[in-house]
Amino acid sequence: MAETKDQELKLQEWITESKRIVFFGGAGVSTESGIPDFRSVDGLYHQKWSYPPETILSAGFFADNPIEFYKFYRAKLLVTGIKPNVAHLKLAELEQKGKLTAVITQNIDGLHQAAGSKNVLEVHGSVLRNHCVVCGKSYDAEYVRNNKDKKGVPRCEDKACNGIIKPDVVLYGESLDDGVVTASIRALQEADMLIIGGTSLTVYPAAGFINAFHGEHLVLINRDATESDSIADLVIHDSIGKVMDKIKV
């Protein structure tokens with residue numbers, strides 16, 4: 001307990017003295033809101049589907065089998081009734097106070113924006129944005145959730161087009177958005193403190209972004225140990241929400 005208290009005090013001290021904090025987060029930030037992650041014992045990779053989740057969430061599978069894609073997508077990724085948790089809210093507060101300059105997230109749920117964060121860099125896109133693959137028209141998540149043809153696939157409302165609608169999420173086999181990558185690298189290069197939370201740093205190329213950080217303090221907060229613990233100045237193995245809730249802004 002004494003070690004935990006010392007870690008919390010050190011984290012508070014560094015946040016208080018820092019002026020350009022960047023938060024880099026993964027699935028563990030959203031699991032505390034009730035969204036399943038991918039790699040834990042109860043995560044999506046350990047649930048039984050007709051195809052492995054990593055296959056379903058690939059660009060090739062979406063193109064060849066949109067029916068099965070949308071069965072999985074609506075059941076597991078297009079979740080409803082999920083609200084930001086204390087970690088999301090604390091990060092938004094840090095931004096509002098001028099302490100945090102950017103949130104770089106691997107999540108696609110839009111919870112950081114729902115909590116009030118403005119400068120959110122969504123490395124893997126967002127379920128809240130969707131577009132017709134033929135004409136490019138934009139659609140929100142509600143349209144994708146509630147509009148579908150007889151096979152369960154959402155289609156463009158323009159009958160002359162009738163194109164399939166695709167979520168603006170980065171599927172396996174697709175490249176990251178150049179603009180998001182550039183903005184993320186710049187934010188990390190300019191940061192004096194980096195907080196990594198709720199990620200095992202195993203998903204590349206996003207996990208490689210942190211190599212751009214050369215500031216004063218690198219903090220890693222995750223329930224379990226990661227292979228990247230050794231690069232951090234401070235490591236806290238605990239709930240990201242529990243840790244962030246104790247931060248005074």
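The values are calculated or read from the model by the stated rules, or taken from the named source; none is laboratory data. A quick note: this is a predicted structure, and the numbers were derived from the prediction, not measured. We place every Cβ from the backbone using ideal geometry, glycine too, and count neighbours over all the protein chains shown. Surface accessibility is based on the protein's heavy atoms, side chains included, excluding ligands, DNA and RNA. Shrake-Rupley method; radii C 1.70, N 1.55, O 1.52, S 1.80 Å.
In loop segments of the range 152-249 as defined by DSSP, the GluC sites (Glu not before Pro) with at most 15 further C-beta atoms inside 10 Å of their C-beta are E157, E174, E216, E227. One decimal place: the segment D64-A212 gains 49.6 nm when fully extended, by the rule 0.36 nm per residue minus the C-alpha distance. Seen against the Cα atoms of the chain and their longest principal axis, helix 2-17 is set at about 80 degrees.
Across I82, I165, I15, mean-square fluctuation computed from a Gaussian network of the chain (C-alpha pairs under 10 Å connected) peaks at I82. On the chain, 50 percent of the accessible area sits on carbon and sulfur atoms, based on a 1.4 Å probe. Over the range 114-158, the fraction of Cα-Cα pairs per 10 Å bin, rounded to whole percents and listed from the shortest bin up, is 23, 46, 23, 8. Under the simplified labelling scheme, the V134-R223 pair shows an inter-label distance of 4.4 nm, with each label point 7 Å from Cα along Cα→Cβ.
In the context of the full protein assembly, R186 retains an accessible surface of approximately 120 Å², using a probe radius of 1.4 Å and ignoring ligands and nucleic acids. Semi-axes of the equivalent ellipsoid for the range 86-177, computed as √(5λ) from the eigenvalues of its C-alpha gyration tensor and ordered from largest down, come to 31, 14, 10 Å. Our summary of shape: the Cα atoms of the chain have principal axis extents of 62, 34, 30 Å, ordered from largest down, in whole angstrom. In the context of the full set of protein chains, residues of the chain present 50 Å² of accessible surface per residue (probe radius 1.4 Å, heavy atoms only). Calculated translational diffusion coefficient of the range 139-249 (20 °C, 1.002 mPa s; Stokes-Einstein with Kirkwood radius over alpha-carbon pairs) equals 124 µm²/s. Taking only Cα atoms, what is the 0 to 90° angle, nearest 10, from helix 178-190's long axis to the longest principal axis of the chain? Here the helix axis deviates by roughly 0 degrees. Ranked by the mean number of other Cβ atoms within 10 Å of their residues, highest first, the peptides 5-13, 228-236, 85-93 come out as 85-93, 228-236, 5-13. Counted residue by residue at 0.36 nm each, then reduced by the alpha carbon distance between them, the extension gain from D238 to Y172 reaches 20.8 nm. Counting only residues at least eight positions apart within a chain, or on another chain, the lysines with an alpha carbon under 26 Å from that of K97 are K5, K10, K19, K83, K118, K242, K246, K248. Between helix 86-96 and the chain there is an angle of about 70 degrees, using the helix long axis and the longest principal axis of the Cα atoms. When D245, D64, D149 are compared by accessible surface with a 1.4 Å probe, the order from highest to lowest is D64, D245, D149. In this view, the solvent-accessible surface of D158, computed with a 1.4 Å probe and all protein chains in place, comes to about 80 Å². The value obtained for the range 52-95, namely the Cα convex hull volume divided by the number of residues, is 105 Å³ per residue. Roughly what percent of Cα-Cα pairs across the range 74-113 reach past 13 Å? Counting every Cα pair in the range 74-113, those more than 13 Å apart make up 57 percent.
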